[in-house]
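I have placed the structure first, in the form of structure tokens, so that the comments after it can refer back to it.
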Amino acid sequence: MNFKDASEEQGSSIRKEEDALGLEEETAGYTFCDGCNEVPFCGIKFYRRGEVVTRIEPWPDYPASPLCSKAYATLQRLYHPDRLKYPMKRTTPKGSPDPAFERISWDEAYDIIVHHLKRIKERYGPHAVFFYVGDPKEPRAAVQRLAFTYGSRNYGNESSTACRRAAQLAELLTYGFPTTGDLPTEQTKVMLIWGTNPAYSGQPFMCHWQFADAKERGVKFIVVDPRKTPTATTLADIHLQPRPGTTAALAAGMMHVIFKEELHNKAFCEKWIHGLDELKAYVKGFPPNRVEGITWVPAKKVIDAARLYACNAPGGLKTGAQGTTHDLNATNNHRAILLLPAICGYIDIPGGVTKPTSPLEGMPGFWAEGPPSFCMRDKLAAMEAERLDLEAFPAWAEKLFEVQTNHIVEWIGEGKVKAFLGWGFNMMIWPQTHEYQQAFAGLDFAMAVDYFYRPRTHDFVDLVLPAAMNFERLAPFAYHGRMIFGRTPVKPAGECREDWKIALDIGVRLGHPEIFFNGDVEASCNEILGMWGLTYDDLRKNQEKGITVPAPCPDAFKKYETGRMRPDGKPGFDTPSGKIEALSMVLQKHGYPALPEYKEPMPTSDEYPLILLTGARVPYITHSKWREDSPWLLELQREPLLMINPRDAEPRGIGRWDIVILKTPHGEIKVKAKPTIMVPKGVVGVMHGWAKANVNELIPRQFDPISGFPPFKEVPCAVMKA
Amino acid sequence: MTVRYGIVVDLNRCTGCMTCVLACKEENLTPPTVWWNKVLEIEEPALDSITYVRYACMHCDDPPCVAACPEKAIYKRADGIVIIDQAKCRGRGECRKACPYGVIDINPNQDYFPSAKPPYQNTGESFRSHPAGKAGKCTLCAHRIDKGKVPACVEACPSKAMTFGDLNDPVAPIRAKISRAEQLLESQKAGPKVFYVIPKNLSKPLEERIVKNPRMDRLP
């Protein structure tokens, strides 16, 4: 392997930089953090001497601020001696124990990629190449442009694997617009925070202070989370700790109380909820006592929470990207939550759950998805029949353009996918990771772009390309609402290139220099900025304060009455019925349960008496990142810990830091135990993404039939002292 | 009146997110295993509570470390900040023994990247230099305060759990917070200038934990 050579050369380049340091004036620079893959990005102001970054701070008055621990660690990551600095190709066949990577030039790397892309298109058609963006999300727009110009329909990402999209699907099916709720405003009287821990995981950015301020103003908080999170301990007036996977039953129980006591907003319900009678009839079967039996939440708490929420208009909602959708009833569980503010009439009113009035022109969706025109998404309509997830997940395919990736093992096995071009991807995102690793070994060609060599992924690809980091990138710029901000990058280390540029370069070499701006990143950004009459130079001139594109009209509410919820301008919501759909017409059409029905999770047994909850965040690590990247963060935690309630630990003779075996019918790992009341009795929690104890090997490849999401928070397990 | 800097930490807002811990690390570039700014996790099953505590040098009015130092290397600035003079310190560790809060470390002879020192370590700023064998602790970011900035931990806190200011200034925001705040290990009479707003029934468990183990103690 060529790692040694690379780090030696890097050592000498750093020594040169050191010599220069004393001579340079310190100046300010600006970039965004990619530490947790959150978009919109959090803002970093940094200080530089020449091309060396010396320190970082929160970007003053930036809309996504302050930073978190991971952002501060991006400084150490930038100068990590183990960074990938050069393109590398493997010299042994995939599946060999040692990939024997060797350094190559960018020209050779691009030649290899283009050779495979052309060959595969000719032999199997363009859709046999899967394009994927994992973490960071930043290159998504450029990679879509590449995929759709090349002609493949099959583009997916981590959101369409296990993160945001299942909840988003539920939102689109139910409300007709995507939302994870809103921060409390001056009007908000009560907040419902369900299955998310904003104290640690953003949503959006590090916003916990805004909740804490609201609490001091007297806003009431209902926090729903099986775990005793800091969000619950610092905010909750009522903390509901349901058994994982029983969301729909708990929400049904609260709706039962609200309807029974006639606390719902009758006028709103009559006019704007489709399937109201069916919903009422359904939740009638969930009286609080039954709900207690299903969910472990005491009946009195179900009643108290329902009353607190319904009697304090307006109520807000905050949900997470994926905390409520990691089970086999993911979509309908999340739909059930969404109906609570709906039946109370808290939709699109000040202090409630709102849809932005004036999103930036040309940016109807989230920034992370990319601007549709730049992404060339107009090409998709003609290729819909080619998307690989069409048959297995038809409701998803109808509502979301990104392909659900979890069946890629089968697609590779059946010869439908021959090559995989991945930016920042990690095999450990998938349940039964080894099946994906084996499948990838069978591909004609696989490529990865990353910051570090990550063996559990890169051992199974042919080409690894070194990406420039956040301080070294120009693209993409950021926007928040109608405010736009640019960056001032330093020179990339070694031969690193922006991942956005890598996508452009491949496009140029495929024979489309005009479409890919001759590989010029700034020109490609200007193509997007042109939608608002701006260039990157304008962002530079307004570096710290950014540019606000004036809104065409003031913020408006109850837009379902005025036709501004729907693209056709008719009153109502953007759903088939024009109403909020308790009864989803899309789900009905595809033969799914159309009400947000409760489905009993996998049963525990004497052999597997506990429920395994994975994927919960620690604040200083995101997923499988930061293992190679920053010793500062690794020093805080060097291995995964099994959180187990003391009442479950004691009878098993498990003490603090004891090594234990965590086992499901699908696999087992050894981890250290941390007895803690953070998890309730009957539930154990362990962090994901640690290669030596990869908990996703314990999760079966079973999926929610609507969204295709895996059961990361549902599987019965056993814990014993090793 | 003289300036007397302090911090009030509102534990009702602290979430244990470790941002202050990393902001301090990034600002001061302390060596491996040394965390001037810590977050303690206090779990009390009997009270059904988990509390997180931002924890560092208390910059005492009457600092026991100053008296304990045989080299007279530790002094209190006019604004109340307690500083270890790195030139005078010989690392005998008497200050460590004297400190009731256990917040002084002796710098190890370790680097995060021994093979390739990152260029940000080479800015020539004394607050970022930590010679092995010398005692070190939180400086309240005196170098930032001297430039009119607040300490890095305070600026960084995503929950706005920390209020920094002049305890002698009657109109400073810190004064509004101080009436609800307590000093830890008050009985030691060191006069700590970092105060805590402490959730009900937690003062005693918190002090017991500090006496027993003032380190972060995340893994053995």
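Every number in this text was worked out from the coordinates using simple rules, so none of it is lab data. Keep in mind that this is a model prediction, so the values were computed, not measured. Positions of Cβ are backbone-derived with ideal geometry, glycine not excepted, and every protein chain shown enters the neighbour counts.
Results, tabulated for the structure shown:
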| item | result |
| --- | --- |
| Which of A:Met602, A:Met678 has the fewest Cβ neighbours within 10 Å, and the rest in rising order | A:Met602, A:Met678 |
| Shielding by partners - mean other protein chain Cβ count within 10 Å, residues of B:109-118 | 6 |
| Net charge of neighbours whose Cβ lies under 12 Å from the Cβ of A:Ala397, counting Lys and Arg as +1 and Asp and Glu as -1 | -2 |
| Selection of GluC sites (Glu not before Pro), the stretch A:117-202, meeting DSSP coil and at most 10 other Cβ within 10 Å | A:Glu186 |
| Residues B:Cys14, B:Cys99 arranged by fewest to most Cβ contacts within 10 Å | B:Cys99, B:Cys14 |
| In degrees, nearest ten, helix A:299-310 long axis to first principal axis of chain A (Cα) | 80 degrees |
| Computed magnitude of the charge dipole of the protein assembly as shown (debye, nearest 20; Cβ of K, R +1, Cβ of D, E -1) | 1920 debye |
| For the stretch B:5-212, size of Cβ-based charge dipole, Lys and Arg +1, Asp and Glu -1, in debye | 320 debye |
| Shape category assigned to the stretch A:610-721 from the gyration tensor of Cα positions, a/c cut at 1.5 | oblate |
| Net lengthening on full extension, B:Ala176/B:Ser126 (0.36 nm per residue, minus Cα-Cα) | 14.5 nm |
| Simple spin-label estimate for A:Glu278 and A:Thr357 in nanometres, 7 Å along Cα-Cβ | 3.5 nm |
| Chain B: angle of helix B:203-212 to the longest principal axis, Cα-based, in degrees nearest 10 | 30 degrees |
| Estimated 222 nm signal from helices in chain A, with DSSP H stretches of n ≥ 4 weighted -39500 (n - 2.57), rounded to 500 | -8500 deg cm²/dmol |
| Residue-averaged beta-carbon neighbours from other chains (10 angstrom radius) around A:630-641 | 4 |
| Pairwise FRET efficiency - A:Glu24 versus A:Ala441, Cβ, R0 = 41 Å, nearest 0.05 | 0.30 |
| Test item: A:47-54 mean partner chain Cβ contacts at 10 Å | 3 |
| The stretch A:63-206 shape via C-alpha gyration tensor axes, a/c threshold 1.5 | oblate |
| Prolate/oblate/rounded label for chain B (Cα gyration tensor, a/c 1.5) | rounded |
| Positive dipole terminus of chain B, leading residue within B:Asn107, B:Tyr52, B:Trp35 (C-beta point charges) | B:Asn107 |
| Fraction of beta bridges assigned by DSSP in the protein assembly as shown that are antiparallel (%, nearest 5) | 55 percent |
| B:Asp169-A:Phe557 pseudo-label distance in nm [points 7 Å out on the Cα-to-Cβ vector] | 3.8 nm |
| C-alpha center-to-center spacing [the stretch A:330-398, the stretch A:54-69] in angstrom | 30 Å |
| Cα centroid of the stretch A:146-165 to Cα centroid of the stretch A:417-460, whole Å | 15 Å |
| Length-normalised contact order for chain A - Cα pairs under 8 Å, 6+ apart - percent | 18 percent |
| Nearest-0.05 FRET efficiency for A:Asn518 and A:Gln187, computed from C-beta distance (R0 56 Å) | 0.65 |
| Candidates per trypsin sites (Lys or Arg not before Pro) in the stretch B:113-204, loop by DSSP, up to 10 other Cβ within 10 Å | B:Lys147, B:Lys200 |
| Net charge dipole size for the stretch A:304-382 [Lys, Arg +1 and Asp, Glu -1 on Cβ; Debye, nearest 20] | 60 debye |
| Placed amide H near A:Phe130: partners under 5 Å, 5+ positions off or other chain | A:Lys418, A:Ala419, A:Phe420, A:Leu421 |
| Sparse-neighbour loop sites [GluC sites (Glu not before Pro); the stretch A:538-628; at most 14 other C-beta within 10 Å; DSSP] | A:Glu544, A:Glu561, A:Glu607 |
| Sorted by Cβ density within 10 Å, fewest first, the residues A:Ile44, A:Ile294 | A:Ile294, A:Ile44 |
